[in-house]
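Comments concern the structure below.
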Amino acid sequence: MPYIARGCYGSVRMNAPGQSFSGAVTVARTLRDLMLMLLLASPGLVAAGELRVGFAEKDITPAVDASKPAVWLAGYGYGRKATGVHDPLMARAVVLTDGREKIALASVDLVGLQYAATQQVREGLEGYRHITVASTHNHEGPDVIGIWGPTPFQRGVSDKYVKSVIDQVVAAIREAEKNATDVSLSMGSRRMKHCWTTTVSRWRRTVCCVCSDSPAPKNTWLAWSCNGTATPRRWAPRTRW
């Protein structure tokens, strides 16, 4: 079952332009408000069969090879050079439309794609009422901010790689729109337990299920409002993702 994970950091103008955000309430409300935006903009959307949703994903894993430029990983200090690939990094997208209005929600497996990149994604697409590009805050992906290079005085960002991520996000959104089918939505949230944070009581996760003809969810949108390393304690900083 395909899914799209929305992490706690991203460039979303439901908050402040150019800034990252965190917090369970913000994440849950952003997802809810985007759904309400489409509903209010299209009064007839509540009728059966009028909502169409499509999902798609694209690989954004950089090449890790001795013959290629070094890939510097984001987080846990400078000088973390990638040595291999443990799992592929993905850009995932979902498009919601009623035939009149449409919104796109995208997520990338990166520490925090910046606002300028998000704006370039928006400029590469036409006809959307709103486009969100969020990041899962992955510490085992390339530096896309500029503060985790080989030394404290060198940025670790590859501008060529960032451009490729932008292109792949645009491609994922376009493909998701083409994949759109008639669906129904359901949404719920639950307070998380055993989360690696000093403010456990504040954190929640929100899940939006997209169903077609089958009673089982066809796709799932997960708002995980916590750092990815807040999962089991077996995690450890590594140079393979």
Dividing the Cα radius of gyration by the Kirkwood radius, what Rg/Rh value follows for segment 108-166? 1.03
At a Förster distance of 30 Å, what's the computed FRET efficiency of ALA63 paired with ARG100, Cβ-Cβ distance as r, to 0.05? 0.10
Hey, for a label at PHE153 modelled as a point 7 Å past Cα toward Cβ, could you say which residues of segment 60-86 have their backbone N under 17 Å away? 78-79
The exposure ranking of SER186, SER135, fewest beta-carbon neighbours within 10 Å first, is SER186, SER135
Place the peptides 169-180, 59-70 in order of packing, highest mean first, counting for every residue the other Cβ atoms within 10 Å and averaging per peptide. 169-180, 59-70
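Computed from the coordinates by the stated procedures, all read-outs in this text should not be read as laboratory data. Here the structure is a predicted model, which is why all the values come from computation and not from measurement. Cβ: placed from backbone, ideal geometry, glycine included. Neighbour counts: every protein chain shown.
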